[in-house]
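See structure below.
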Amino acid sequence: MNVLSFDATARKAWMGLLARTAPADLAALMPDLPEHAVLRGPEVGAVMVRGRMGGSGQPFNLGEMTVTRCSVRLVDGSVGHAHVQGRDKAHALRAAVLDALMQTAEAEAVENRILAPLRTAETETRALRAAKAAATKVEFFTLVRGEDK
Amino acid sequence: MYVAVKGGEKAIDAAHAWLAEERRGDTSVSELSVAQIRQQLTLAVNRVMAEGSLYDPDLAALAIKQARGDLIEAIFLIRAYRTTLPRLGASTPVETAQMAVCRRISATFKDLPGGQILGPTFDYTHRLLDFKLAAEGEVPAAPTAPASLDAVPHVTAMLNRDGLIQTEAQGNATPPDLTREPMELPTTRPLRLQAITRGDEGFILSMAYSTQRGYGRTHAFVGELRIGTVAVEMDIPELGFSVEIGEVELTECETVNQFKGSKTEPPQFTRGYGLVFGQTERKAIAMSLVDRALRWKELGEDNTGAPAQDEEFVLMHADNIQATGFLEHIKLPHYVDFQAELELVRKLRREALAQAEAAE
């Protein structure tokens, strides 16, 4: 099996990025898939999202979200998994194949060609949203009152 | 005598066909797309997700289109759909302290770390109809300002440092799930919060308003209201670690409530909590007031007999799908039940008239 060493933190990061990305953006960057065998799914289901009481206390069930999961094996034996938000099966399949590819010698090429542009786009979207929020931050000023004179 | 009656298939088919035609409306007006509903009727989409208890904006938008804009009907469609989905698991609790906020205000502190961020709010609009919206036009881009991507701290966490506010009980116990086991009374706070967050906005609003008017008053301040996105993370057994499976937009409201102390608790501020899918601040504020009112027992407060303190009354009437189902079923055929009533009333009338005649 041709599996390169990679750490769980890095894997967590790319899996999260692939889960959050819009299906169309991923499809545009990755129109074709390498040969693979599907081990599971893609299957649409629901995940119960939990919150914390008071924002910091014990958990409670907030409501569900749709999630699609998929597992694949590449020709070299690398296994990839994906859990992505929404009901797009092609999205979950692509994310699982990418997860597997990131464990092979092609990792660097995949990172540069697909993950980096997705990450840049996400960072830009987040920065723009934060900048719009910052523009609505209230700058208080105190009026000079008569008795202060 | 009971006679089974069949029929009406043709009438029902025709009714459905007409419904589809009415849904489409005048064909000289262009058809509304699901994407347009998702993008431009966002707050309706959010309400359907919150009360449908399923975060999926595309599905909520489709449900609104199918329901011709009847939001309770749309919520019904989402509730029905979610029962068809296998449950893949449960997330770790979302960390709202790490929320990427688009709105964050406090009614208790003017100058607080992170500042007062108004976000895309209706609050300071004049509520005058804007006829410019009746014409198509370009919208100018919203202004931007240099921003920090740091998380903004919770106001209650700051109050908590001084011991002035009650601390939330810690732990990671698996919470009860009313979609899995029927709700049993008395309930616990996690079950109440689940029921309220998916409860009808109008009902929760009215319950909260009743506490403000004196029926179970809780002296609430909005310590903090925040809207933004949080990451949803789930443990994946085959990986042995947790990964982000997406992100959701949430509205969180924390009330800080005056509390003079009780038989069991010292004087300190207490909390009410609201957390709702989407940008849904009326609901989140209302939820936090109702949550606080229902905590009277654990805080050792008096039960004043107010409706908002009665968990059976609140929780058993908050769900608009249950309510609609029971309310609207009475319009369906009850011919046999009514026939029995008719016979009974006739019999009673005969007896009453016979007695009156005998008395004369």
What angle do you read, to the nearest 10 degrees and between 0 and 90, between the alpha-carbon axis of helix B:57-66 and the longest principal axis of chain B?
30 degrees
P(r) for the stretch B:112-218, please, calculated from all Cα pair distances in 5 Å bins and given in %.
2, 7, 9, 10, 15, 16, 14, 12, 8, 6, 2
Using helices alone, I'd like the mean residue ellipticity at 222 nm for the protein assembly as shown: each DSSP H run of four-plus residues gives -39500 (n - 2.57), total over residue count, nearest 500.
-12000 deg cm²/dmol
Dipole of the stretch A:8-114, positive direction: furthest Cα of A:112, A:49, A:33, with charges on the beta-carbon
A:49
Based on Cβ point charges of +1 for Lys and Arg and -1 for Asp and Glu, what charge dipole magnitude is obtained for the stretch B:9-82 about its Cα centre, in debye rounded to the nearest 20?
220 debye
If one puts a single equal scatterer on every Cα of the stretch B:9-82 and applies the Debye formula without solvent, what log₁₀ I(q)/I(0) results at q = 0.14, 0.22 Å⁻¹?
-0.46, -0.91
R0 of 56 Å, Cβ-Cβ distance residue B:238-residue B:355: FRET efficiency to nearest 0.05:
0.10
Just grab the label-to-label distance for residue B:185 and residue A:76, each label 7 Å out from Cα along the Cβ direction, in nm (one decimal).
6.3 nm
In the stretch B:99-187, with Lys and Arg counted as +1 and Asp and Glu as -1 at Cβ, which of these residues, B:146, B:122, B:99, has the Cα nearest the positive end of the dipole, that is, farthest along it?
B:146
Counting other Cβ atoms within 10 Å, keep those with at most 16, restrict to DSSP loop, and tell me which chymotrypsin sites (Phe, Trp or Tyr not before Pro) in the stretch A:1-108 are left.
A:6
Rounding to the nearest 20 debye, state how big the charge dipole of the stretch A:1-119 is about its Cα centre with +1 on each Lys and Arg Cβ and -1 on each Asp and Glu Cβ.
500 debye
How charged is the neighbourhood of residue B:205? Take every other residue with its Cβ under 10 Å from the Cβ of residue B:205, and add Lys/Arg as +1 and Asp/Glu as -1.
0
Burial-style ranking of B:24-36, B:247-259, B:293-305, B:162-174, average other-beta-carbon count within 10 Å with highest first, yields B:247-259, B:293-305, B:162-174, B:24-36
Just to confirm the number: angle between the C-alpha axis of helix A:116-135 and the first principal axis of chain A, 0 to 90 degrees, nearest 10?
10 degrees
Projected-area average for the stretch B:226-360 over all orientations - Cα convex hull basis, square nanometres:
18.4 nm²
Which length gain, in nm to one decimal place, applies between residue B:304 and residue B:341 when the Cα-Cα distance is subtracted from 0.36 nm times their residue separation?
9.3 nm
Rounded to the nearest 10 degrees, the helix B:71-82 long axis (Cα) sits at an angle to the longest Cα principal axis of chain B of 80 degrees
Expected integer from the mean partner chain Cβ neighbour count at 10 Å over B:348-359 is 0
What is the diffusion coefficient of the protein assembly as shown in µm²/s, taking the Kirkwood radius over Cα pairs and the Stokes-Einstein relation at 4 °C with a viscosity of 1.567 mPa s?
49 µm²/s
Any idea what log10 I(q)/I(0) is at q = 0.18, 0.19, 0.20, 0.21 Å⁻¹ for the stretch A:8-114, Debye with uniform C-alpha scatterers and no solvent?
-0.85, -0.92, -0.99, -1.06
Separation of the residue B:138 and residue B:83 label points, Cα + 7 Å toward Cβ, nm:
5.0 nm
Mind checking the dipole of chain B: about its Cα centre, +1 per Lys or Arg Cβ, -1 per Asp or Glu Cβ, Debye to the nearest 20?
600 debye
So for the stretch B:55-175, using the alpha carbon gyration tensor with a ≥ b ≥ c as root eigenvalues (a/c under 1.5 gives rounded; past that, a/b versus b/c decides prolate or oblate), I'd call it oblate
Add +1 for every Lys or Arg and -1 for every Asp or Glu among the other residues with Cβ under 15 Å from the Cβ of residue B:331, and state the total.
-3
Translational D in µm²/s for chain B (Stokes-Einstein at 37 °C, 0.692 mPa s, Kirkwood Rh from C-alpha pairs):
136 µm²/s
Which chymotrypsin sites (Phe, Trp or Tyr not before Pro) from the stretch B:114-173 combine a DSSP loop assignment with at most 13 other Cβ atoms within 10 Å?
B:122, B:124
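Computed from the coordinates by the stated procedures, all read-outs in this text should not be read as laboratory data. Since this is a predicted model, take the numbers as computed values, not measurements. FYI the Cβ positions are ideal-geometry reconstructions off the backbone, even for glycines, and counts take in every protein chain you see.
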